[in-house]
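Undergrad: Supplied in structure tokens, the structure appears directly below.
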Amino acid sequence: MFLRKKTNKKLKKGIVLSACFLILFSTTACGNNKSEISKTNQEKSANILDVRTADIVGQQQAILRFTTDNKAGSIISIKLEPVNKKYIYTLDAVDKKGLESIMTIDAKTSNVIKKEERSTIDKNNMPGFIDFTPVLDVDKAAKNAKNFTSNKDIDQVLAYTLYNDGNINIYEFTLTDGANENAKTEKVLINAVTGKKIDSAKSNNSNTESSSNKNDKK
């Protein structure tokens, strides 16, 4: 009888120790899994290029650089995109004399990298100029654009272009899932004033051609 009790005690002790070991192992494993997941998420976040969180000057500052250098001007389009691991603004604009030029600006320093003069605008065939008064800011416009993606993981803003087509201000966003390799991207066009989606087929200027290029095609 005494031997049976002693055996039962050893058995119970062994079960308790085994249970504790399993709990400890499970906790350690879960902790390691969480660490690995956290590490993966951190690595993914580190690979994300998003214009909204990038250390760059804002859209208005880039435009101000053009208008200051030219003492006036009207903007046909403004594009922000990554080039060689840094963000670049490209402005297609017209100065007060009617001369069209393409200005490339370093988005981090706001320094002008290049300025290419095109030709004087044909007053009988004026391009569409952006009316900035009612235009949504980039953050708000990007939130709207994300609602129209086919994949909800595609939620980072890699690049965008703002332009005017048929008296409609349009944002063209290039969105990405943030992955470094095999990244998925999707383009979304929205009305830059209302935030509503625009069918790309309805936009005649989705590639934001300059007026000079259009005239050359005629």
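Undergrad: About its Cα centre, how strong a charge dipole does region 79-162 have in debye, to the nearest 20, once Lys and Arg get +1 and Asp and Glu get -1 at the Cβ? Before the final figure, lay out the partial values.
TA: Values: 14 positive and 13 negative charges, 34 e Å.
That gives a dipole near 160 debye.
Undergrad: Over 30 Å between Cα atoms: which of K96/K187; K85/K187; K143/K184; K86/K123; K71/K184; K140/K184 fall into that group? Write down the numbers at each step before the final one.
TA: On the way: K96/K187 33 Å; K85/K187 20 Å; K143/K184 18 Å; K86/K123 37 Å; K71/K184 41 Å; K140/K184 22 Å.
Cα-Cα > 30 Å for K96/K187; K86/K123; K71/K184; rest within.
Undergrad: In addition: Taking amide hydrogens as modeled 1.01 Å from N in the peptide plane, which residues meet the under 5 Å criterion relative to I113, leaving out close sequence neighbours?
TA: The answer is T104, I105, D106.
Undergrad: How large, in percent, is the carbon and sulfur part of the accessible surface of region 137-203 at a probe radius of 1.4 Å? Provide the component values of the computation, followed by the final result.
TA: Values: 1420 of 3440 Å².
C and S atoms contribute 41 percent here.
Undergrad: Probe of 1.4 angstrom, ligands and nucleic acids ignored: what's the accessible area per residue over region 70-128, in square angstrom?
TA: On a per-residue basis, 55 Å².
Undergrad: Please say if region 103-176 is rounded, prolate or oblate, where rounded means a/c under 1.5 for a ≥ b ≥ c the square roots of the C-alpha gyration tensor eigenvalues, and otherwise the choice is prolate for a/b larger than b/c and oblate otherwise?
TA: Numbers: a/c = 2.51, a/b = 1.46, b/c = 1.72.
Note, shape of region 103-176 comes out oblate.
Undergrad: Let a ≥ b ≥ c be the square roots of the eigenvalues of the Cα gyration tensor of region 109-149; is it rounded (a/c under 1.5), or, if not, prolate (a/b larger than b/c) or oblate?
TA: On the way: a/c = 2.79, a/b = 1.54, b/c = 1.81.
Since a/c reaches 1.5 but b/c is at least a/b, the shape of region 109-149 is classed as oblate.
Undergrad: Also: Sticking with the crude label model, points 7 Å out along Cα→Cβ, report the distance from T133 to R52 in nm, one decimal please.
TA: Output for this residue pair reads 2.8 nm.
Undergrad: Can I ask one more? Hey, how many Å between the Cα centroid of region 156-188 and the Cα centroid of region 116-139?
TA: If we compute the Cα centre of each part, the gap is 19 Å.
Undergrad: If you take the square roots of the eigenvalues of the alpha-carbon gyration tensor of region 60-144 and sort them as a ≥ b ≥ c, do you get rounded (a/c under 1.5), prolate (a/b over b/c) or oblate?
TA: Values: a/c = 1.94, a/b = 1.26, b/c = 1.54.
Oblate is the answer for region 60-144, as a/c is 1.5 or above yet b/c matches or exceeds a/b.
Undergrad: Might you work out the accessible area of K140 for me, using a 1.4 Å probe with all protein chains in place, and round it to the nearest 10 Å²?
TA: 120 Å²
The values are calculated or read from the model by the stated rules, or taken from the named source; none is laboratory data. This one's a predicted model, so the numbers in the text were calculated from it and none came from an experiment. Don't worry about glycine lacking a Cβ; one is built from the backbone with ideal geometry, like all the others, and counts go over all protein chains shown. When the accessible area is computed, the model is the full protein with side chains, heavy atoms only, and any ligands, DNA or RNA have been set aside. Shrake-Rupley method; radii C 1.70, N 1.55, O 1.52, S 1.80 Å.
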